[in-house]
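Engineer: Once you've had a glance at the structure underneath, I'll fire off some questions.
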Amino acid sequence: MIKITEKPIDVQKVIDTASSLNAGAVNVFVGTVRNNAHGKNVVWLEYEAYETMAVGEIRKIIDDASHRWPLLGWAVSHRIGTLKPGEVAVAVAVSTPHRKDSFEACQYIIDTLKVKVPIWKKEVFEDGEEWISAHPAVAVNS
Amino acid sequence: MHTFRVKAFGITKDILGGKEMVIEAPGVTVGDLRAALNEKYPKLTGLRSLFIAVNNSYADETAVITDGDEIALIPPVSGG
């Protein structure tokens with residue numbers, strides 16, 4: 001399952017979709033909205049996606065992961081629109097026969113998603129707003 | 001001159017002033033389009049990176065754009 005959605009992410013559904021009776025491990029990563037950046041309070045985040053390409057790029061990442069680890073099931077859901085601190089922005093789940101592969105595959109998927117998939121976020125502060133990582137001067141670890 | 005319809009996302013939407021813009025370029029490669037964009041919107045050159053996607057995939061500078069291709073500007077991504 002690959003989903004780009006404006007609705008709140010149902011993490012349990014992501015886990016259930018990735019689960020398999022043949023698996024001994026289900027690994028899930030849940031990315032949430034932080035309430036601060038650069039020492040300032042984040043009021044909300046605006047997420048935007050180039051949806052058709054984002055789905056295609058996530059599919060490529062899953063294909064790569066499937067070649068490297070014995071994935072029995074997987075699911076990726078990414079939220080777009082306006083998100084408040086504490087809300088779930090992304091959920092990735094994979095299942096594999098043993099736990100080590102599940103940790104590695106899940107980390108690979110979220111790490112690659114963050115550098116390849118055309119999704120953008122804008123932090124909105126009390127006194128302004130900023131597209132994340134757009135300029136060299138404001139590059140941040142996210 | 002060749003006319004291209006370009007989708008803009010993230011900060012490029014702010015720089016171009018809209019979600020979709022028509023750009024004229026003297027050539028038909030991604031590199032030609034990039035040069036025309038940089039000339040018309042110099043702020044694009046200040047970005048950390050700017051990829052151009054053709055038909056939903058990252059394209060090389062030498063890729064040739066043909067009629068009906070979907071073109072999109074991909075500034076530094078920040079999902080997750």
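The values are calculated or read from the model by the stated rules, or taken from the named source; none is laboratory data. Since this is a predicted model, take the numbers as computed values, not measurements. Neighbour counts run over all protein chains shown; Cβ positions are idealised from the backbone, glycine included. Surface accessibility is based on the protein's heavy atoms, side chains included, excluding ligands, DNA and RNA. Shrake-Rupley method; radii C 1.70, N 1.55, O 1.52, S 1.80 Å.
Engineer: Might you report the magnitude of the Cβ-based charge dipole of segment B:2-74 about its Cα centre, with Lys and Arg at +1 and Asp and Glu at -1, to the nearest 20 debye? Don't jump to the answer; show the numbers that get you there.
Structural biologist: Numbers: 8 positive and 10 negative charges, 75 e Å.
Approximately 360 debye in magnitude.
Engineer: I want the antiparallel fraction of DSSP beta bridges within the protein assembly as shown, as a percent rounded to 5. Walk me through the numbers on the way to the answer.
Structural biologist: Values: 43 of 50 bridges.
In the protein assembly as shown, approximately 85 percent of DSSP beta bridges are antiparallel ones.
Engineer: Another question, if that's okay. Show A:13, B:13 ordered by accessible area, largest first, where the area counts protein heavy atoms only and the probe is 1.4 Å.
Structural biologist: On the way: A:13 95, B:13 55 Å².
So the residues, ranked largest to smallest area, are A:13, B:13.
Engineer: How far apart, in nanometres, would the label points at residue A:32 and residue B:24 be if each is projected 7 angstrom from Cα along the Cα-to-Cβ direction?
Structural biologist: Simple spin-label model gives 5.4 nm for this pair.
Engineer: Using a 1.4 angstrom probe on the protein heavy atoms only, could you order A:38, A:135 from most to least accessible area? Mind dumping the intermediate values first?
Structural biologist: Details: A:38 95, A:135 65 Å².
Heavy-atom accessible area, descending, gives A:38, A:135.
Engineer: Also, quick follow-up: If you fit an axis through the alpha-carbon atoms of helix B:30-40 and take the longest principal axis of the Cα set of chain B, what angle between them do you get, 0 to 90°, nearest 10?
Structural biologist: It is inclined by approximately 60 degrees.
Engineer: Going 7 Å from the Cα of residue A:52 toward and past its Cβ, which residues in segment B:31-55 have a backbone nitrogen under 17 Å from where you end up?
Structural biologist: In segment B:31-55, the label zone of residue A:52 (backbone N under 17 Å from the point 7 Å along Cα→Cβ) covers B:52-55.
Engineer: For segment A:37-142, compute the number of Lys pairs whose alpha carbons are separated by less than 18 Å, excluding pairs fewer than 8 positions apart on the same chain.
Structural biologist: On the way: A:40/A:84; A:40/A:121; A:40/A:122; A:60/A:114; A:60/A:116; A:84/A:121; A:84/A:122; A:114/A:122.
Close lysine pairs found across segment A:37-142: 8.
Engineer: Turning to a different aspect of this structure: About the Cα centre, and with charges only on the beta carbon of Lys, Arg (+1) and Asp, Glu (-1), how big is the dipole of the protein assembly as shown? Nearest 20 debye, please.
Structural biologist: Details: 24 positive and 28 negative charges, 106 e Å.
About 500 debye.
Engineer: Please compute the length gained on full extension between residue A:59 and residue A:107, using 0.36 nm multiplied by the number of residues separating them and subtracting their Cα-Cα distance.
Structural biologist: Values: separation 48, 0.36 × 48 = 17.28 nm, distance 1.56 nm.
That pair, residue A:59 and residue A:107, stretches by 15.7 nm at full extension.
Engineer: Send over a whole-number figure in Å² for the accessible area per residue of chain B, probe 1.4 Å. Walk me through the numbers on the way to the answer.
Structural biologist: Details: 3890 Å² over 80 residues.
Computed with neighbouring chains in place, this is 49 Å² per residue.
Engineer: Could you state how much accessible area is buried at the B-A interface, both sides summed, with a 1.4 Å probe, in Å² to the nearest 100?
Structural biologist: Working: alone 4970 and 8150 Å², together 11020 Å².
Its buried surface, counting both partners, is about 2100 Å².
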